[in-house]
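A.B. asks: Sharing a structure below in structure tokens format, with a few things to ask.
The values are calculated or read from the model by the stated rules, or taken from the named source; none is laboratory data. Not measured: the values here are computed from a predicted model. Here Cβ is always computed from backbone atoms with ideal geometry, including for glycine, and neighbour counts include all displayed protein chains.
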Amino acid sequence: MSEEGRAAAAEGAGAPEGTVVGYHPVRELLRSRPHEVAEILVGSQRRDKRRREIERLALRHSIAVRAASEGELTALAGGAAHNGFAARIGATGAASAPGAAAAAPSTVQAAASAPGLVVLLEDVQDPRNLGAILRVCEGAGVDRVLIRDRGSAPIGPAAVKASAGAASWVDVERFVNTARTVQQLQGEGFWVYGADENGAPPWTVDLTGPVVLCLGGEENGLRQRTREICDGLVGLPMRGRVASLNVATAAAALLYEIVRQRASAGSEMRSAGA
């Protein structure tokens, strides 16, 4: 990874709740959820294209921008890499920030009302893994990400940074009871598959319909009860010496197999209709 890539990866990680820091996280917040932003702070020494971009986005949404000293930004960021940019989340924004509230049943029903792709997470405790998964979900076109409220990492600054701004674009909901949520989604027509090391290779399973992909925590994976109520289990064969993959890496492989199958199915339908 280049020096620039390493700097971008560290940007914003570890900032306090209620604050988003770093150029990329602040920009994505302004693009997707400007109503959450109370104020933008820009380093007084910055006189570049990035500053102009942030100021342009803030002006579009009538958000106040003010110059801040290096000391003020460092204190606000709580030691996180801010690169001269910070956003304060307002009172209304804190309530509507990604993953801030538990999902109401009607919202989960809305996720299941149309065929699509949903990811359900339980016990993913590392915010960097959570952010990486959100990034993959956004790239793969996932409709909703459902996160078990207890035992899971919050979508705080570290997760937002690891998502490279994707947390601002993905529709995230919290839920309380995995079994009830899974059964509700099954009742609405979703096929629910759990990620498990002993599961079938995903390319041997038809994943072209409405699918929920369940992913478990870093240490123990999915809970036993969750595995039992899934319609099936999918797993990635390990050909090398390591026993398993990081949960975010596994999520990427599984989700893009779903993307591949759907793209292939779409091509076949177009050929049949020609």
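A.B. asks: Give the residue that is surrounded by the fewest Cβ atoms within 10 Å (Cβ to Cβ), with candidates limited to residues of segment 181-190 that are farther than 16 Å from ARG227 by Cβ and out of contact with any strand residue (DSSP E or B) (no Cβ under 8 Å at 6 or more places or on another chain).
C.D. replies: Only one residue tops the list, namely GLY187.
A.B. asks: Just for segment 157-169: of the residues that are assigned to a loop (DSSP other than H, G, I, E, B) and crowded, with 23+ Cβ neighbours inside 10 Å, which one is nearest to the chain's Cα centre (by Cα)?
C.D. replies: SER163
A.B. asks: Residues of segment 219-239 being surrounded by 14 or more Cβ atoms within 10 Å (Cβ to Cβ) and part of a loop (DSSP other than H, G, I, E, B), which ones?
C.D. replies: Passing the criteria: LEU222, ARG223, CYS230, ASP231, GLY235, LEU236.
A.B. asks: Can I ask one more? Which numbered condition in (1) part of a helix (DSSP H, G or I); (2) modelled with pLDDT of 85 or more is the only one that GLY93 fails?
C.D. replies: Checking GLY93 against (1) part of a helix (DSSP H, G or I); (2) modelled with pLDDT of 85 or more, the one that fails is (2).
A.B. asks: For segment 243-261, check the following and say yes or no: at least one residue is in the same structural domain as ARG144 (by TED's automatic domain parsing) and either farther than 27 Å from ARG128 by Cβ or touching a His at 6+ places or on another chain (Cβ under 9 Å) (or both).
C.D. replies: Yes, there is a match, as at least one residue in segment 243-261 is in the same structural domain as ARG144 (by TED's automatic domain parsing) and either farther than 27 Å from ARG128 by Cβ or touching a His at 6+ places or on another chain (Cβ under 9 Å) (or both).
A.B. asks: Within segment 64-93, how many residues turn out to be among the aromatic types (Phe, Trp, Tyr) and surrounded by fewer than 17 Cβ atoms within 10 Å (Cβ to Cβ)?
C.D. replies: 0
A.B. asks: Would it be correct to say that ALA200 is modelled with pLDDT of 90 or more and either surrounded by 15 or more Cβ atoms within 10 Å (Cβ to Cβ) or within 22 Å of LEU130 (Cβ to Cβ) (or both)?
C.D. replies: no
A.B. asks: If you don't mind, another one. Write out, first by first residue and then by second, each pair whose Cβ atoms fall under 8 Å of each other, whose residues are 6+ apart or on separate chains, and whose first residue, in segment 40-63, is surrounded by fewer than 14 Cβ atoms within 10 Å (Cβ to Cβ) while the second is assigned to a loop (DSSP other than H, G, I, E, B).
C.D. replies: Once the first residue is surrounded by fewer than 14 Cβ atoms within 10 Å (Cβ to Cβ) and sits in segment 40-63, its partners that are assigned to a loop (DSSP other than H, G, I, E, B) give GLN45/GLY84.
A.B. asks: Of all residues in segment 193-218, count the ones that are within 19 Å of GLY116 (Cα to Cα), free of Cβ contacts under 8 Å to residues at least 60 places away in the same chain and part of a strand (DSSP E or B).
C.D. replies: 3
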